[in-house]
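The values are calculated or read from the model by the stated rules, or taken from the named source; none is laboratory data. Just so you know, these numbers come straight off a predicted model, no measurement behind them. Here the Cβ is made from the backbone with ideal geometry for all residues, glycine too, and neighbour counts use every protein chain on show.
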Ligand SMILES: Cc1cc2nc3c(=O)[nH]c(=O)nc-3n(C[C@H](O)[C@H](O)[C@H](O)COP(=O)(O)O)c2cc1C
């Protein structure tokens with residue numbers, strides 16, 4: 001069974017920040033070993049992260065993430081069980097949101113669906129676009 005978690009937090013790092021690269025570097029090794037996949041979105045003030053994988057590994061990773069000083073105010077948006085991974089080819093995808101992206105994203109949010117659903121759909125769209133472009137801004141694995 002695959003569990004997923006979607007959360008948001010307030011970044012304490014600069015925007016953009018080398019720390020994000022360090023996070024992705026760690027994620028590349030650890031997520032790969034723990035069969036965790038997902039997507040990380042960075043805005044000037046926030047992190048939004050979607051993680052999916054086996055329950056025990058996911059819980060252990062979340063404990064570490066929650067105590068990471070690179071962000072504060074961890075807030076769960078959504079969690080649950082899924083039949084199939086949404087980001088199976090991404091050890092941890094990454095998207096740095098520009099102000100323009102943010103405007104677009106917030107106008108999209110007003111279309112009525114729940115925030116979590118819209119956010120996940122946005123991440124999936126970003127991942128799909130990247131897969132089509134073959135440029136590797138996030139870390140691919142599999
Ligand atoms: C916003 C954010 C997202 C993170 N995502 C991951 C992740 O997907 N995988 C990971 O291994 N570490 C992630 N980290 C880093 C962890 O908090 C932690 O530093 C790391 O897993 C420590 O791994 P180690 O104990 O194996 O060295 C993230 C940190 C932050 C601030």
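Only one of the numbered conditions (1) in contact with a helix residue (DSSP H, G or I) (Cβ under 9 Å, 6 or more places away or on another chain); (2) near the ligand (Cβ under 8 Å from one of its atoms) is not met by residue 29, and that is (1). Consider segment 1-26 and keep the residues that are assigned to a helix (DSSP H, G or I) and within 13 Å of the chain's Cα centre (by Cα). The one that is nearest to the ligand (Cβ to nearest atom) is 23. The number of residues in segment 44-85 that are in contact with a helix residue (DSSP H, G or I) (Cβ under 6 Å, 6 or more places away or on another chain) and in a loop (DSSP other than H, G, I, E, B) comes to 1.
Every listed requirement among (1) surrounded by 12 or more Cβ atoms within 10 Å (Cβ to Cβ); (2) in a helix (DSSP H, G or I); (3) at pLDDT 90 or above is met by residue 102 save one, (3).
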